[in-house]
1. Pull out the extension gain between residue 40 and residue 79, defined as 0.36 nm times the separation in residues minus the alpha carbon to alpha carbon distance; nm, one decimal.
2. Stretched out fully, how many nm does the piece from residue 62 to residue 100 gain, at 0.36 nm a residue minus the Cα gap?
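Each value in this text was obtained by applying a stated rule to the coordinates, not by laboratory testing. Just so it is clear, the structure is predicted and the values come from calculations on it, not from any experiment.
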Amino acid sequence: MIIKRSTRAAWAGAAGLFALAAPAIVGAAPSPPLAPGVQAAPDFTPTRTPYVVTNPTPLYRNPAYGTDNTTGETLGRGTRPEILGEANAGLYLLVGREGRGVGYAPRSLLCPVALCPTVKP
């Protein structure tokens, strides 16, 4: 009988955790307008933090690496692209042009301007 109660308690606790986590999952923001071929990320979060490109990087159609996934555009070192938000648990930034998402860049190749103000082309 003790085992049954502890099992029930464990299931109740797990259900409670899922209920608490559900609003965060459902709370992902809608993606801004996207260029043709660029895919919306299911976990998009808007951000307006300014970034500078520290290493040249291609833009990707969705937030994942792959040579067959590139848009054909590349960000050069020292450029300060328009960042619309982040995706894939913050590992990618959605780069925009006039408010329209044109591709994803790996966050590891960009730096917040406040931390890297001296990066030049």
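1. Values: separation 39, 0.36 × 39 = 14.04 nm, distance 2.38 nm.
Once the chain is fully extended between residue 40 and residue 79, it gains 11.7 nm.
2. On the way: separation 38, 0.36 × 38 = 13.68 nm, distance 1.43 nm.
Using 0.36 nm per residue and subtracting the Cα-Cα distance, I get 12.2 nm.
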